[in-house]
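Quick notes on the structure that follows.
Bear in mind that the values in this text are calculations on the coordinates, not laboratory data. Keep in mind that what you see is a predicted model, and the values were worked out from it rather than measured. Cβ coordinates were reconstructed from backbone atoms using ideal geometry, including for glycine residues, and neighbour counts include every protein chain displayed.
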């Protein structure tokens, strides 16, 4: 049946090329119908009846148009189109591949196909005809169901970042999560769905966190309650992490240097120019009056700011927090500001 | 005249340049083939397959080419005319795929068509390509090693899945149902 051919080819081409591009799938579906142009009873044969009647007068059904020679001819046409008009490579591959898959799928039927035409051999999958499918029979409908399911799975896989990403997410593989974060963090919010415990008091840390950045193979996360780092060197021991993509978001890095000058005005200016953004600072500033700065560490959270001698060291410290700590300080040093716009909803 | 007398008479009187043409030679009995062995003349036997015994072992074998598709179609059309059947070209095209290049099967299929019997392929020119398909899946296992070398997890998994699928098909292919009909 033409529908089964279309579904099988769309599924096989989509899965093998890792795409759900409508053009690629449409070409694969079109190519899957080409073999049946050798009979005027098929859909394509009825549309292109002069060709189908010419072929069916001369050749048996499932012979010349179901052969590897025909696939090669289509491949050459595809190659020519790719060479001359620079069409998409996947579209070019979809044409011969869709045809090939349709021909191979017919080897599972009782009659088989002359894959190696003009050789008189009829290629079948298994020599026992009772174990092969009847065209239009119940078995074919099961194949159709399987092919449609494969198309749906392919859509799911591609939308979920591909097979690799899907497996990494399903198994909670850290390398896959890091890859997903790296690929998407620059233009989308990336959240971490964490299962684990806080190292400080062994209470549950299960929840949804916004990923601020990557620290080696670990993540620096943010929730409404604070900022944390995963791993034994951090605050959360995560048994499983899954990533989840959120709204579109833009990240930019802004370097900032101070040379014996007042620190506050520059920071306030940046905060005012990005009112809806989340701004985090990392770096160190040597200040003139460290005794005027009071830092109360938050237990169980990432130490985002600490005083070392007369140096203030920041690690993913939210900008409002810095503005509150430094009132009229003068100093020198450099900061790297990470601006995430808009601020994620936690 | 008995059969033995006839054979003896022919053997005595047949000229050396005579040519004996024997169709359906596979059906010849052992007595006849032994008799043919002693004849002093040229013999040409036709058979669908060469029987590996007595006189046939000594004979030079010439394999005839199979009739082509056009010839088979003509046979089917002639048979349909004889049966008074009006078959469309599309139906001929489909029936021909059940007959392969076998002229006898082509005639039989047209007769079955007249009786409205369910058709199953009737020839034996089949090539089982299941090892080819299973081998192709297993060969996809090569991409597993490319994935391993290049650090591409998707390739690694696709290769592994394909290889396992090929092996699974190999074992599933061993499931064999009855090929013969009940009572055969």
With the requirement that a residue be more than 10 Å from chain A (Cβ to nearest Cβ) and either within 16 Å of residue B:85 (Cα to Cα) or not in a helix (DSSP H, G or I) (or both), what does the range B:123-143 give you? B:141
Working only within the range A:120-155, note down all residues that are under 21 Å from residue A:6 (Cβ atoms) and part of a loop (DSSP other than H, G, I, E, B). A:125, A:132, A:134, A:135, A:136, A:137
If you go through the range A:303-315, how many residues are surrounded by fewer than 18 Cβ atoms within 10 Å (Cβ to Cβ) and over 35 Å from the mean Cα position of the chain (by Cα)? 7
Taking residue A:124 as the residue in question, decide whether it is crowded, with 16+ Cβ neighbours inside 10 Å, under 24 Å from residue A:110 (Cα atoms) and away from every other protein chain (no Cβ under 14 Å). no
Could you please let me know if residue A:319 is touching a helix residue (DSSP H, G or I) at 6+ places or on another chain (Cβ under 6 Å) and within 30 Å of residue A:194 (Cα to Cα)? yes
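The rows are residues; the columns are (1) under 42 Å from the mean Cα position of the chain (by Cα); (2) surrounded by 14 or more Cβ atoms within 10 Å (Cβ to Cβ); (3) part of a loop (DSSP other than H, G, I, E, B).
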residue	(1), (2), (3)
A:269	yes, no, no
A:275	yes, no, yes
A:279	yes, yes, no
A:284	yes, yes, no
A:291	no, no, no
A:301	yes, yes, yes
A:317	yes, yes, no
A:333	yes, yes, no
Filter the range A:144-167 for residues that are within 24 Å of residue B:131 (Cα to Cα) and surrounded by fewer than 19 Cβ atoms within 10 Å (Cβ to Cβ); the one that is farthest from the other protein chains (Cβ to nearest Cβ) is A:144
Every pair of residues 6+ apart whose Cβ atoms lie under 8 Å, when the first sits in the range B:147-164 and is more than 10 Å from chain A (Cβ to nearest Cβ) while the second is in a helix (DSSP H, G or I) and exposed (fewer than 15 other Cβ atoms within 10 Å of the Cβ): B:159/B:142; B:159/B:145; B:159/B:146
